[in-house]
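The structure appears below as structure tokens.
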Amino acid sequence: MKLTATVQVSVDGVMQGPGAPVPGIVETAGFDRDGWAHFDTDAGVEMDKIYARADVLLFGRRTYEVFAASWGTWPDPGDSPIWTALHTKPKYVVTRTMTSPTWSNTIVLSDDVQTAVRELKEQPGAELQVHASGGLLRSLIDAGLVDELTLFTFPVVVGQGARLFPETGPHVALDLLTSRSTPTGITIQVYRPVGATGDSD
Amino acid sequence: MKLTASMMLSLDGVYQGPGGPDEDRRGGFDRGGWTAAYGNEEGWQFLVSWFERADAFLLGRKTWEIWEPYWPQHDGGDPVSHGINVLPKYVPSTTLKNPAWQPTRVIDRDVEGTIRELKASPGRELQIHGSGELLRWLLERDLVDELNLRIYPVIVGEGLRLFPENGPSHNLELVDSRTTASGVMLQTYRPAGRATFGRADADER
């Protein structure tokens, strides 16, 4: 399986709180701008297609909790590839604090995540997918384990909140594979990291 | 004139030192030159068509000081290099005095009022190139009419960023989106007030 990651980001690189606030989920202090990622039909269809390709899902603990409190509690709408993937495919969650998750098909990864991810990638299948999960995603990019990075860039400057890329980190070059825009100005880019290049000097 | 801005950004939002290692080493930055691998004819044509619309430039002092020793020696007669040399260059600064590179106009007081007057004067585009600190200041005051971002397919991993960690939100309209063969995205956004938050989307995604 190839590892593909999908993230909703703003033009200022924020990835925190794209959706409307989820009951039971408390955002970090000082962040009150949830709900900046306004999907249109085109972007929604694209996201559906992505989830339809998933064989295995991999989450950071925080994103998992947001998904469990939202998608995990919603009844099957019958026509959502996202709901179907989240409820029927194996979900790995990287955490040292959560021991017995209640959402079905959840497997906890508590140590040596990179080895576990390498083993999953060697298994047959289409895609091992990471959605959001900023901290986990960055560590996977830095380890050279991400095969494709899809960004849904929403036409907004959020002005606060956690960003996808930290202030400091490795220098990574990417190939832009595809790019398109939707009617409301969301751009969808697919990148392939071509590896850490180290410092330019 | 409308105020239009152009900025080269990395995928992680860095604007520092796009052109070369010694262009801007503020803060010990040593990863300059991250656009070098992606130049091509298409990007150049985009730049030419953009400079052709300029009637004046608005530059931060640091950007002006990078340009001042370079462009007078590199006037190739094209809309970029010739335009930079012959068009008025407005520079907000309290330290720059009697600039030799003409036409340069130093704005040493009431920067916001002066820029509003320039915007109200006839003409096509007052263009700001680079000048990250100035652009950030202008965005905070809702003075920018159009934001052209050239986003390079690289994570730089350090350096100054255009957008502040804490600042006003902006709703943006995407006016144009293109990519070059080397993977640079050319996005034109029009700021359109504050963003709206918290609204559940139709399908609750």
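The values are calculated or read from the model by the stated rules, or taken from the named source; none is laboratory data. This structure is a prediction, so every number in the text was calculated from the model and none was measured. Here Cβ is always computed from backbone atoms with ideal geometry, including for glycine, and neighbour counts include all displayed protein chains.
Among residues belonging to the stretch A:155-197 that are surrounded by fewer than 17 Cβ atoms within 10 Å (Cβ to Cβ) and farther than 16 Å from A:R138 by Cα, point out the one that is nearest to the other protein chains (Cβ to nearest Cβ). The residue in question is A:D175. Scanning the stretch B:156-188 for residues that are loosely packed, with under 15 Cβ neighbours inside 10 Å, within 19 Å of the chain's Cα centre (by Cα) and hydrophobic (A, V, I, L, M, F, W, C) returns a single hit, B:V175. In the condition set (1) within 26 Å of A:D147 (Cα to Cα); (2) surrounded by fewer than 21 Cβ atoms within 10 Å (Cβ to Cβ), A:V14 is compliant with all but (2). The number of residues in the stretch B:45-64 being among the hydroxyl-bearing types (S, T, Y) and modelled with pLDDT of 95 or more comes to 0. Screening A:V93, A:V108 for residues that are touching a Gly at 6+ places or on another chain (Cβ under 9 Å) and either more than 12 Å from chain B (Cβ to nearest Cβ) or in contact (Cβ under 8 Å) with a residue 60 or more places away in the chain (or both) leaves exactly one candidate, A:V93. Residues that are among the hydrophobic types (A, V, I, L, M, F, W, C), under 16 Å from A:G159 (Cα atoms) and at the interface with another protein chain (Cβ under 7 Å from one of its Cβ atoms) within the stretch B:156-182 comprise B:F163, B:L172, listed in sequence order. Can you confirm whether A:V22 is surrounded by 18 or more Cβ atoms within 10 Å (Cβ to Cβ), at the interface with chain B (Cβ under 9 Å from one of its Cβ atoms) and either of a type in the set (A, V, I, L, M, F, W, C) or in contact with a strand residue (DSSP E or B) (Cβ under 8 Å, 6 or more places away or on another chain) (or both)? So A:V22 does not fit the description; no.
The test for being under 16 Å from the mean Cα position of the chain (by Cα), within 14 Å of chain B (Cβ to nearest Cβ) and more than 18 Å from A:T4 (Cβ to Cβ) does not hold for A:A85. Note on the stretch A:1-100: enclosed helices (runs of 4 or more DSSP H) holding 3 or more residues that are over 26 Å from B:L149 (Cα atoms) and among the β-branched types (V, I, T) are A:81-88. One residue alone among A:A69, A:A54, A:A5 is more than 10 Å from every other protein chain (Cβ to nearest Cβ) and over 15 Å from the mean Cα position of the chain (by Cα), and that residue is A:A69.
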